[in-house]
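Asker: Before anything else, here's the structure in question.
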Amino acid sequence: MKSGLQRRLLLLLLVPLGIFALVSIYFDYQTAGNVALQKDEQLLRLIPLLTDSVVAPGATPDSAPVLLLAPALEDFIKGLAGSAGFRISDAKGGFLAGDPWIADILPATREPEFHSMEDGGVTYRIAVQRVNTVAGELIVQLADGSDPRQQWVRSILLKVLLPNFILVVAAGFAVNWAVTRALKPLIDLKEAVERRSPRDLSAIDPLTTPAEVQPLVSALNRLFGLVNDQADGQRRFVADAAHQLRTPLAGLQAQVEAWAQAARAKGADGAILLSADKIIKLRSATRRTSQLANQLLALSRADASAMGAQPTQRVDLKDLCESILPLHLDAATGKGIDLGLDARSAQVNGYEWLLRELLGNLVDNAVKYTPPGGTVTIRCGLLPASGDQAPDTHPPRAAEGEGEANGVHRRWGVFLEVEDDGPGIAPEERAKALQRFYRVRGTVGEGNGLGLAIADEIARVHHSQLELDYACQGTGGDAGDAAQGPRGLRVRLRL
């Protein structure tokens, strides 16, 4: 973390400095170019003065002409002592007068020309021209070693690159020191979190962290809270499951002990004395334990937080209801319950195995708590998407050529419900009935209090919720129904 911020800060500093250096080099070169142009213009003005300085020819054709330097030219050469000079050559480039270190240059025309040469580590700008003088046709050359454009590389090195390099090195040390000091609270926070025990999910005090890190600390505290709540829920679930398993296991152990004692007591003919009642109780305890284990597994698999990332599939609710019905016919027939099916074509995106588990638990609950001779009905179909209207299994059909795009089907939702004429659940008990291991007061028969809890968990996985209501409000045309008041239970899931 520290080195990453250091690299980032160094990069953010070095890039602007590099850009500034390039801009500075560009402007320095432009400035040098402007000064060089002025130097060239000065040489152009001095070339005629050098030509006029030849006042007489030499004694012989190969001898030096008589010179009388103009004051301006003399001042130029003296002002740049060691960096300026002149040369006068004959028409063929032979040296006549001036500084012999200046290379002989033969201009092709009579127009002034500029050339460069290096001597003694200095680059000279040379103006040369072929002229006619009193001594005949001569070549005059004027050299200037103070041209800034010729020296700009050395100037850039000393004035731009070196200072910027020193600045970058100093900035590197400064950034390293500043980042180390600035990140100390964050590094302390990291070390404090690393030293924590996996069981320690207490909140971090935001006031002990820098203002920039406080949103991160608040997010961590929220995460700690969610994880802590989930861990508490898991602990409660394990405790409740252990408590619920204790009862059927104790009953099963008692029945087995009674069976063992009965096996020791033999009749006169040597047969084992074992009553059918003990066998039925043993079977009941075994079934209840097996059902509880299966329900606990289903509740764990139907965790809404774990199913959110799983892909859904197209589920045909009519086929689902038709496959669930035979599984509960034997239990319903044994109690004399009329188990019916009112299923219409309906499809929904969801998790088929979870919806099967939901419907199976609802039907099992209905058959279990409906008194003998009662009625249980499984339904599915289409339902108006808004309001609390009754199910309508025949929604309006689209006109010829119209489809779902015209909004005909979008007004209809899908529902799945189980209705019975058992004791029902009072409104004040319905929220508690959806809790794990809760059994409604006055409920007869054996149960674990997990059926509705599993169904509610599956409903939340499908972004819905169970709707619990009386199956009969006791206000119909039948006088008996009105006398009995609300009864039965209707559990509906809208999808």
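Asker: Can you figure out the FRET efficiency of K184 with F224, using R₀ = 22 Å and their beta-carbon distance, to the nearest 0.05?
Answerer: The calculated FRET efficiency here is 0.40.
Asker: For region 332-345, just list the computed ³J(HN,Hα) in residue order, Karplus coefficients 6.51, -1.76 and 1.60, θ = phi - 60°, integers in Hz, with x standing in for Gly and Pro.
Answerer: 5, 4, x, 9, x, 8, 8, 8, x, 9, 10, 10, 10, 4
Asker: Near S89, within a Cβ-to-Cβ distance under 10 Å, what is the net charge of the other residues, with Lys and Arg +1 and Asp and Glu -1?
Answerer: +1
Asker: Give me the one-decimal nm value for the distance between modelled label points at E467 and D232, 7 Å along each residue's Cα-to-Cβ direction.
Answerer: About 3.3 nm, to one decimal.
Asker: Now, a different point. Rounded if a/c is under 1.5, else prolate if a/b beats b/c, else oblate: with a ≥ b ≥ c from the C-alpha gyration tensor eigenvalues square-rooted, which is region 2-154?
Answerer: On the way: a/c = 3.64, a/b = 3.44, b/c = 1.06.
It comes out prolate by the Cα gyration axes.
Asker: For T375, what residues show an amide H to amide H distance below 5 Å, using hydrogens built from the backbone and excluding near sequence neighbours?
Answerer: D338, D421
Asker: Quick query: amide H of L450 versus all other amide H atoms, modeled in the peptide plane; which residues come in under 5 Å with a sequence gap of 5 or more or a different chain?
Answerer: F437
Asker: Sorted from fewest to most neighbouring beta carbons within 10 Å, what does the list S146, S202 look like?
Answerer: S202, S146
Quick note: the coordinates plus some simple rules give every number you see, no bench work behind them. Everything quoted here is computed from the prediction, not taken from an experiment. Here the Cβ is made from the backbone with ideal geometry for all residues, glycine too, and neighbour counts use every protein chain on show.
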